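Please read the structure below before turning to the comments.
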Amino acid sequence: MREEYDLLPGDLSEENLKLSDKQNRGDQIGAYTLEKHLARGGFSQVFEAHPDIGGIVAIKIPEAGGGRYTPRNEKIVKTRGPEWISPDETPAEAIHFGESQVSIDFISAIEGSEAILAEYEKLKSMRERAGRFARHIVCPHEVVIDDDRSCLVLQHLRGLTLRETLRNLDGIKLNWFLSLAETLFAIQTNADPNKPGHNYHGDLKPENIIITEDKQVVMLDPSVGLSSGVELLTPHYNPLLFKDSRADVMALGIMLYEITAGVPPFDDVPWVFAGREQVGEIERLSLQYFLSYKPVQEWNPNVPEKLARIAHNCITNYESYTLKDYINDVRDFLRE
């Protein structure tokens with residue numbers, strides 16, 4: 001539970017009414033009343049809200065900013081708030097990359113609204129093609145317009161992110177990752193050639209995975225591209241800046257590595273030549289050096305060899321190791 005954001009009944013002081021620098025408790029977004037701040041994203045804030053007819057939803061509200069314009073706390077703190085991000089959140093921070101793979105420090109409120117609309121369409125498309133696995137993707141309800149902003153109304157999920165689960169030292173189930181891979185494979189199998197950006201998640205990381213109270217795993221916040229060519233990606237989990245299913249395979253491997261080793265495999269990300277279509281000898285040598293990360297068993301000798309090999313294949317053999325290979329290997333491991 002994010003207890004730091006809970007308000008006691010009747011606690012209506014000006015300080016506690018403030019949910020962010022722009023939103024107050026009780027603000028109306030369409031037919032929804034804001035109640036509590038939930039999370040801060042790369043281009044938005046997410047709030048718990050109550051519709052007029054009852055129930056609970058989550059609302060994602062875009063805002064201008066990003067990159068060095070995002071307020072940061074100098075010290076690592078346990079609490080999470082709308083005002084800043086803690087240094088330990090940096091590895092999961094999405095970065096806006098332009099067509100030349102140059103990071104973009106700032107996106108406008110208009111671009112934020114465009115990203116909201118793109119996310120709504122991508123989530124709908126992913127769920128349609130996931131079939132019986134759609135429950136593992138957050139459900140988008142609608143987009144509402146407020147003060148010229150497009151705001152995304154989402155299914156409200158009760159539970160913790162995978163990151164919070166890790167911090168709490170709760171047990172991590174390999175079946176969760178199997179469910180994610182099966183969902184992504186179903187989407188890939190039913191791919192729409194006219195919507196290549198909808199055929200993968202693209203921004204898998206512990207912060208974008210919810211473990212619900214009934215121990216189901218649900219994906220949030222897929223990567224989205226803007227008409228300007230800007231795309232939101234997370235280099236620590238997609239260090240080669242892939243914009244296809246290879247991003248998901250690599251992210252699954254990096255998360256498996258991080259969970260078993262206690263640290264992510266890469267520090268200096270993205271790879272300096274990430275996103276290039278043509279590579280020469282210098283780039284190949286650079287990539288070989290970049291991928292020579294410390295084997296997981298040097299961090300944790302108790303990790304089974306087969307599990308370490310799955311993580312290694314996802315991260316290193318990304319051109320040939322597919323989601324189907326991952327699914328088969330994880331199933332084989334779980335049978336042993």
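Note on the range 182-198: residues that are under 23 Å from Asp329 (Cβ atoms) and either at pLDDT below 95 or surrounded by 22 or more Cβ atoms within 10 Å (Cβ to Cβ) (or both) total 4. Selection of helices (runs of 4 or more DSSP H) fully inside the range 292-336 by the criterion of at least 2 residues being exposed (fewer than 13 other Cβ atoms within 10 Å of the Cβ), β-branched (Val, Ile, Thr) and in contact with a helix residue (DSSP H, G or I) (Cβ under 9 Å, 6 or more places away or on another chain) returns nothing. Scanning the range 202-225 for residues that are within 15 Å of Cys139 (Cβ to Cβ), part of a loop (DSSP other than H, G, I, E, B) and touching a Lys or Arg at 6+ places or on another chain (Cβ under 9 Å) turns up Gln216, Asp221, Pro222.
Among residues of the range 166-183 that are touching a residue at least 12 places away in the same chain (Cβ under 8 Å) and hydroxyl-bearing (Ser, Thr, Tyr), those with a Cβ under 9 angstrom from a residue that is crowded, with 20+ Cβ neighbours inside 10 Å and in a loop (DSSP other than H, G, I, E, B), sequence gap 6+ or separate chain, pair up as Thr183/His201. Candidates Leu233, Leu323, Leu252, Leu241: the one that is within 17 Å of the chain's Cα centre (by Cα), under 30 Å from Asp192 (Cβ atoms) and at pLDDT 95 or above is Leu252. The residues of the range 225-238 that are surrounded by 24 or more Cβ atoms within 10 Å (Cβ to Cβ) and in contact (Cβ under 8 Å) with a residue 40 or more places away in the chain, listed by number, are Glu231, Leu232, Leu233, Thr234, Tyr237. Taking the criterion of being of a type in the set (Lys, Arg), exposed (fewer than 15 other Cβ atoms within 10 Å of the Cβ) and free of Cβ contacts under 8 Å to residues at least 24 places away in the same chain, would at least one residue in the range 280-289 satisfy it? Yes, some residue in the range 280-289 is of a type in the set (Lys, Arg), exposed (fewer than 15 other Cβ atoms within 10 Å of the Cβ) and free of Cβ contacts under 8 Å to residues at least 24 places away in the same chain.
Hey, does the range 200-213 have a residue that's surrounded by fewer than 24 Cβ atoms within 10 Å (Cβ to Cβ), small (Gly, Ala, Ser) and either within 14 Å of Leu323 (Cβ to Cβ) or out of contact with any His (no Cβ under 6 Å at 6 or more places or on another chain) (or both)? No: the range 200-213 contains no residue that is surrounded by fewer than 24 Cβ atoms within 10 Å (Cβ to Cβ), small (Gly, Ala, Ser) and either within 14 Å of Leu323 (Cβ to Cβ) or out of contact with any His (no Cβ under 6 Å at 6 or more places or on another chain) (or both).
What tally of residues in the range 126-139 results from selecting those that are touching a Lys or Arg at 6+ places or on another chain (Cβ under 6 Å) and in a loop (DSSP other than H, G, I, E, B)? Adding up the residues that qualify gives 0.
Here Glu142 meets the list (1) over 18 Å from Lys324 (Cβ atoms); (2) in contact (Cβ under 8 Å) with a residue 24 or more places away in the chain; (3) out of contact with any Lys or Arg (no Cβ under 7 Å at 6 or more places or on another chain) almost entirely, failing just condition (2).
Restricting attention to the range 308-334, the residues that are touching a residue at least 60 places away in the same chain (Cβ under 8 Å) and touching a Leu at 6+ places or on another chain (Cβ under 9 Å) total 10. Filtered by the rule that a residue be of a type in the set (A, V, I, L, M) and either surrounded by 19 or more Cβ atoms within 10 Å (Cβ to Cβ) or under 26 Å from Leu178 (Cβ atoms) (or both), the range 247-273 gives Ala247, Val249, Met250, Ala251, Leu252, Ile254, Met255, Leu256, Ile259, Ala261, Val263, Val269. Between Arg129, Arg163, Arg135, the distinction of being basic (Lys, Arg), touching a Pro at 6+ places or on another chain (Cβ under 6 Å) and in contact (Cβ under 8 Å) with a residue 60 or more places away in the chain belongs to Arg163 only. Considered as a group, the residues in the range 28-70 that are outside any strand (DSSP E or B) and buried (at least 19 other Cβ atoms within 10 Å of the Cβ) include one that is modelled with the lowest pLDDT, and that residue is Gly66.
The values are calculated or read from the model by the stated rules, or taken from the named source; none is laboratory data. This structure is a prediction, so every number in the text was calculated from the model and none was measured. Here the Cβ is made from the backbone with ideal geometry for all residues, glycine too, and neighbour counts use every protein chain on show.
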